[in-house]
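Data block below; observations after.
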Amino acid sequence: MTTEAIVEGPAVDTTAEESSEILQLFHLWNEALTTSATRVAALYGPGAVLVPTVSNTLRTTPAEILAYFEKLIRERKPRATLTSVNIRHFGDTAINSGIYRFHFEVDGTWADARYTFAYHRFSSGWLISAHHSSLLYDEIVAGKASLDSSF
């Protein structure tokens, strides 16, 4: 079951349409995740930071972000399903936080993780400025934390 909350923060000119646009950005990211690391990395803006789900290494450059997704897609073939969503707007910043489930095609396993995508609106559109994703505590207790050993 997916829960969604669209919360309007102290923003000027924030609309429900913009919140839907942020949710669409997640779906664009997820679609790219199933096809091309280059497409995924292109969704991250200048100076973006990635705190990845299955790695202990902070990614702070476009090359590091690309390399992470190349390896993840090649070795795991992930797809994410949203379980809970909370979107907030603050002017040219939007934050989408919640829970998603990763399905790994290569071995049929899955893992639940918490996420936060922070977006910044540029003249060309929204880009990811920060992305944090980490396994839920229950997943760590269940031994799924070993997913990070090869990344």
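The values are calculated or read from the model by the stated rules, or taken from the named source; none is laboratory data. Note that this is a predicted model, so its numbers are computed, not measured. Here the Cβ positions follow ideal geometry from the backbone for every residue, glycine too, while neighbour counts run over all protein chains shown.
Cβ-Cβ under 8 Å, sequence separation 6+ or interchain: first residue in the stretch 126-144 and at pLDDT 80 or above, partner among the acidic types (Asp, Glu) and not in a strand (DSSP E or B). Which pairs? Partner pairs satisfying both residue conditions: Trp126/Glu21.
For every residue, the table says whether it meets (1) touching a Cys at 6+ places or on another chain (Cβ under 6 Å); (2) closer than 14 Å to Val54 by Cβ; (3) surrounded by 14 or more Cβ atoms within 10 Å (Cβ to Cβ).
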residue: Thr81; (1), (2), (3): no, no, no
residue: Asn86; (1), (2), (3): no, no, yes
residue: Gly91; (1), (2), (3): no, no, no
residue: Ala111; (1), (2), (3): no, yes, yes
residue: Ser123; (1), (2), (3): no, no, no
residue: Asp138; (1), (2), (3): no, no, no
residue: Val141; (1), (2), (3): no, no, no
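Scanning the stretch 46-78 for residues that are of a type in the set (Val, Ile, Thr) and touching a Ser or Thr at 6+ places or on another chain (Cβ under 6 Å), we see that the one that is surrounded by the most Cβ atoms within 10 Å (Cβ to Cβ) is Thr53. Can you run down the residue pairs with Cβ atoms below 8 Å, 6 or more apart or on separate chains, where the first is in the stretch 17-43 and more than 24 Å from Thr60 (Cβ to Cβ) and surrounded by fewer than 20 Cβ atoms within 10 Å (Cβ to Cβ) and the partner is acidic (Asp, Glu) and modelled with pLDDT under 95? Here the result reads Leu23/Glu4, each pair linking the stretch 17-43 to a residue that is acidic (Asp, Glu) and modelled with pLDDT under 95. Taking the conditions (1) at pLDDT 95 or above; (2) aromatic (Phe, Trp, Tyr); (3) over 24 Å from Ser36 (Cβ atoms) in turn, Phe117 satisfies each one other than (3).
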